[in-house]
Amino acid sequence: MLLASLLLTAIALPGAVHASNTYYLLYRQWQPYDWPENVPSANEVTRSQRGLGWQARGSGSVLGIDYDYQPLRIRTGEPAHNGHLHRLTIGGEWRHQLYRLEARAGIAGTSNMFKYQDFHSDVLNGRLAVFRAVNRSSTLSLGIGGDHRFGSFRWLPRARWERSNAHGHWLVDLPVLMQWQSPGQVWAFRVERNGDRWATMDKDREVESALYLREWRTQLTYRLHQGGQSWPTIVLGIGASLATRVQYKDLNTGTEDLSLGDALLASLRLDW
């Protein structure tokens with residue numbers, strides 16, 4: 001119902017009527033994480049991500065549908081999940097006079113939940129943030145946002161500042177994002193707080209729980225090729241995930257909240 005409401009609201013907004021549509025494919029690969037504990041039988045933790053999506057951008061709104069699959073392979077103990085994390089969301093951004101709304105809702109869970117269509121309530125997920133500009137001429141907006149970026153769902157005050165000049169486009173959204181784009185959007189640098197929750201189920205489908213993955217991520221991207229007609233725009237990226245933590249249930253030891261540390265990453269994105 002929440003997904004349907006967001007979609008209908010977006011379609012009804014005047015800014016979405018003459019929207020420009022784009023599609024993307026994404027691949028991201030991390031350097032393996034070293035297991036944080038001195039366990040002889042433990043192997044390194046590998047991680048990658050495949051994603052695809054669609055976006056419609058209008059004069060005062062952005063609407064998107066995104067899907068990603070993220071294998072996070074933890075090969076020690078008895079995790080109550082299989083490490084195959086799927087996420088499908090719909091949402092966007094809408095502006096009206098002094099107000100700005102960012103909303104996203106969807107489902108996120110392990111592959112066995114979708115295979116057997118055996119879901120529990122943690123599979124529903126979302127983000128919400130509301131801002132109000134200080135005044136009509138101000139580039140500063142104040143607001144509040146709620147999401148899983150710092151672990152369990154919580155509300156935090158937000159301060160958003162955005163400006164374009166001869167040196168590029170700047171966006172600061174404290175405490176979750178800082179971004180710079182060069183003129184023409186050839187280069188971009190981004191520091192952001194990432195975090196989300198996936199509903200999980202053990203292989204016997206008896207233990208229902210959730211996995212929380214959170215990190216600080218930095219990334220520098222370069223637009224290698226500007227697409228045209230049927231050719232995609234090619235964007236390469238390199239960066240790092242810092243202070244990565246994962247929380248999940250282990251069948252033997254209970255809830256684990258572990259630091260995976262830091263890891264380099266590389267990405268490839270194709271846009272049409």
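Here, each number is a calculation from the coordinates, and none is a lab measurement. Quantities reported herein were computed from a predicted structural model and do not represent experimental measurements. Don't worry about glycine lacking a Cβ; one is built from the backbone with ideal geometry, like all the others, and counts go over all protein chains shown.
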Q | Rounded if a/c under 1.5, otherwise prolate or oblate - the range 19-167, Cα gyration tensor axes | A | prolate
Q. Of (1) 1.14; (2) 1.01; (3) 0.97, which is the value of Rg/Rh (Cα atoms, Kirkwood Rh) derived from the coordinates here?
A. (3)
Q: Once you have a ≥ b ≥ c as the square roots of the Cα gyration tensor eigenvalues for the range 125-220, tell me rounded if a/c is under 1.5, and otherwise prolate or oblate according to whether a/b is larger than b/c.
A: oblate
(Q) Compute the distance from the alpha-carbon center of the range 251-265 to that of the range 129-150, in whole Å. (A) 32 Å
Q.
Given Cβ point charges of +1 (Lys, Arg) and -1 (Asp, Glu) and nothing else, what value in debye, to the nearest 20, does the dipole of the chain about its Cα centre take?
A. 1060 debye
Q | Fluctuation leader among Trp231, Trp187, Trp54 - the chain, Gaussian network, Cα springs under 10 angstrom | A | Trp231
Q.
Could you identify which residue out of His167, His86, His225 has the top mean-square fluctuation in a GNM of the chain using Cα springs shorter than 10 Å?
A. His167
